[in-house]
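Dropping a structure here in structure tokens format, bear with me for questions.
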2 protein chains.
Amino acid sequence: MKTIKEKILKFEKLYRAAFVNSLSGFKSANLIGTISREGKTNLAIFNSVIHVGANPPLMGFLMRPVSVERHTYANIKETNHFTINHINKEIFKQAHQTSARYGKEISEFDACELTPEYTETIKAPYVKESKIKIGLKFLEEQEIKSNGTIFIVGEIREVILPYDIILADGFIDIEKAGTIAISGLDGYHETKRVARLSYAKPGIKPEET
Amino acid sequence: MKTIKEKILKFEKLYRAAFVNSLSGFKSANLIGTISREGKTNLAIFNSVIHVGANPPLMGFLMRPVSVERHTYANIKETNHFTINHINKEIFKQAHQTSARYGKEISEFDACELTPEYTETIKAPYVKESKIKIGLKFLEEQEIKSNGTIFIVGEIREVILPYDIILADGFIDIEKAGTIAISGLDGYHETKRVARLSYAKPGIKPEET
């Protein structure tokens, strides 16, 4: 079937949100941890974290600064630090629960039964229960003029992960770490690797490595 | 184990690319189709497509405009249109092959054995073998100053997909359509849905819906 923009705009609001949020494909599942100047922690689920660059090592994510995500934004602007923590099968329900509208006085770590963990490098809490954790320093923000969302970019300062999931060529076996994928607004998926493919060159069919 | 930015910068180049590209979690797997003013088609795999907004319906992706992706960028600037096509299990090897460095005179549709398909609404080719296809009009670009990448935003003008994968609440069962997920630079994964969870509210545990 085919649908067009004019029909999508007439969809009921929640139906439209579920539909359009499904269109980008599978999404990353991460918890972003921050802390305010006063020491109040915040934790929020994001499905928009993407790779930005390897040298320097950069990651980014898109946020709606006037929504429930505003505590994350305010804290990043205050401390310049944030953490990205992979969501795995053991904690996806707690992770989902961080999207509830808690007041600024409530820490989602307490409300959602996840454990903050700190290092000396990063002024933001990691999620102890996560197996792959990245500590970042805020670098820049770019406003998407079309709808006021903000793309936040951070530089990777620290990576904490199990040694035995790093393969010989640097590829990290995130599936082995139990990292899950998201579809739409509320679908959680485990994965099964089909293949890794060789570097593509014209005239040569990719091989499974 | 823990690693820090200074060590990551000393990694061998390909090792670093594989490592850092793995850190964001699972990625969407899409083919972006474009056409030049002269009618030459282009097709390129992207793992950075994300949801930007539901009203108006917006999607975005990050690109390196001076790399192999430059034909995609040039065509979008020429025609203002592009298509996003989900990669499924049947075509992931052809999709991967589009990342080879073909010259501008070669269409990846021909070189990678995929079929262009057109509608009256969008001045860009869809991938016939894809089951979920989105036609977009270019809206804006934002340069990430930290490394010169560009975040491209398009407005959804048209969506083509099988009727029987749209659930009653608007959620699209992309898993049923065979859409795959990417990890790192070259890992391809099929998925198995663990659960959909209810809308999160403070004090109420999320339920499987």
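Bear in mind these aren't lab numbers, they're just calculated from the coordinates by the rules spelled out. Every value quoted in this text rests on a predicted model; they were computed, and no experiment measured them. Here the Cβ is made from the backbone with ideal geometry for all residues, glycine too, and neighbour counts use every protein chain on show.
Around B:Ile50, what is the net charge, scoring Lys/Arg as +1 and Asp/Glu as -1 over all other residues with Cβ under 11 Å from its Cβ? Each step should come with its number before you reach the end.
Numbers: positive: A:Lys27, B:Lys27; negative: none.
So the environment of B:Ile50 carries a net charge of +2.
Let me ask something additional. Have a look at A:Ala44, A:Ala29, A:Ala18 and tell me which one the Gaussian network model of chain A (Cα, springs below 10 Å) gives the largest fluctuation.
Comparing A:Ala44, A:Ala29, A:Ala18 in the GNM, the peak value goes to A:Ala18.
Right, here's the next one. Between B:Ala74, B:Ala181, B:Ala195, find the one with the highest GNM mean-square fluctuation for chain B; connect C-alpha pairs within less than 10 Å.
B:Ala195
Right, next: Can you give the net charge of the other residues whose Cβ lies under 9 Å from the Cβ of A:Gly170, counting K and R as +1 and D and E as -1? Intermediate values should be presented prior to the final figure.
Numbers: positive: B:Arg16; negative: A:Asp169, B:Glu12.
With Lys, Arg at +1 and Asp, Glu at -1, the neighbours total -1.
How large is the charge dipole for chain A, taken about the Cα centre, if only the Cβ atoms of Lys, Arg (+1) and Asp, Glu (-1) carry charge, to the nearest 20 debye? If you can, show how the numbers build up before the last one.
Values: 29 positive and 26 negative charges, 180 e Å.
Magnitude of the dipole: close to 860 debye.
What are the lysines whose alpha-carbon lies under 18 Å from the alpha-carbon of B:Lys5, with same-chain residues fewer than 8 places away excluded?
Reachable lysines: A:Lys123, A:Lys133, A:Lys137, B:Lys13.
Between A:Ile144 and residues 5 or more places away or on another chain, which pairs have amide H atoms under 5 Å apart, with H built 1.01 Å from N, and which residues are they?
The list, which skips near neighbours in sequence, is A:Thr149, A:Ile150, A:Phe151.
Dipole of the protein assembly as shown (Lys/Arg Cβ +1, Asp/Glu Cβ -1, origin at the Cα centre): which of B:Leu43, B:Gln97, A:Asn80 lies farthest to the positive side?
A:Asn80
Further, regarding this structure: Convert each backbone phi in the stretch B:161-178 into a coupling constant with the Karplus relation 6.51 cos²θ - 1.76 cosθ + 1.60 (shift: θ = phi - 60°), then list the ³J(HN,Hα) values in order as whole Hz, x for Gly and Pro.
Karplus-based 3J(HN,Hα) across the stretch B:161-178 equals 7, x, 4, 7, 9, 8, 7, 4, 9, x, 4, 9, 7, 5, 5, 4, 7, x Hz.
Which of the peptides A:141-148, A:49-56 is most tightly packed, and how do the rest follow, going by the mean number of other Cβ atoms within 10 Å of each residue? Don't skip to the answer; put the middle values down first.
Numbers: A:141-148: 15.4, A:49-56: 21.8.
So the peptides A:141-148, A:49-56, ranked by packing, come out A:49-56, A:141-148.
Provide Rg and Dmax in Å for the stretch B:163-209, with only Cα atoms included in the calculation.
Every Cα atom of the stretch B:163-209 included, Rg and Dmax give 14.2, 41 Å.
In deg cm²/dmol and to the nearest 500, what is the mean residue ellipticity at 222 nm of chain B if only DSSP H runs of at least 4 residues count, each as -39500 (n - 2.57), divided by the residue total? Can you show the working numbers first?
Values: 5 runs with 35 residues, N = 209.
The helix contribution divided over chain B gives -4000 deg cm²/dmol.
Taking R0 as 22 Å, what's the FRET efficiency between B:Lys201 and A:Tyr118 from their Cβ-Cβ distance, rounded to 0.05?
Details: r = 29 Å, r/R0 = 1.34.
Step by step, r from the Cβ atoms, then E = 0.15.
Still on this model: Give the order of B:Leu14, A:Leu167 when sorted by the count of other beta carbons within 10 angstrom, beginning with the fewest.
Values: B:Leu14 13, A:Leu167 17.
The order, fewest Cβ neighbours first, is B:Leu14, A:Leu167.
Oh, and also: Could you go through the stretch B:2-11 in sequence order and give the Karplus-derived ³J(HN,Hα) for each residue, using 6.51 cos²θ - 1.76 cosθ + 1.60 with θ = phi - 60°, rounded to whole Hz, and x for Gly and Pro?
10, 10, 10, 3, 4, 6, 4, 5, 8, 4
Further question: In a shell of Cβ-Cβ distance under 14 Å around B:Glu208, excluding B:Glu208 itself, what net charge do Lys and Arg (+1) and Asp and Glu (-1) give? Present the calculation step by step, with values, prior to reporting the outcome.
Details: positive: A:Lys89, A:Lys93, B:Arg193, B:Arg196, B:Lys205; negative: A:Asp186, B:Glu207.
Every neighbour counted, the sum reads +3.
Would you give the gap between the C-alpha center of the stretch B:1-77 and the C-alpha center of the stretch B:148-209, rounded to a whole Å?
Centre-to-centre distance over Cα atoms comes out at 19 Å.
In what sequence, highest mean first, do B:199-206, B:187-194 appear when ranked by Cβ atoms within 10 angstrom? Intermediate values should be presented prior to the final figure.
Working: B:199-206: 14.4, B:187-194: 19.0.
So the order, starting with the most tightly packed, is B:187-194, B:199-206.
If you plug each phi of the stretch A:202-209 into the Karplus form 6.51 cos²θ - 1.76 cosθ + 1.60 with θ = phi - 60°, what whole-Hz ³J(HN,Hα) values come out, in order, with x for Gly and Pro?
x, x, 10, 5, x, 10, 6, 9
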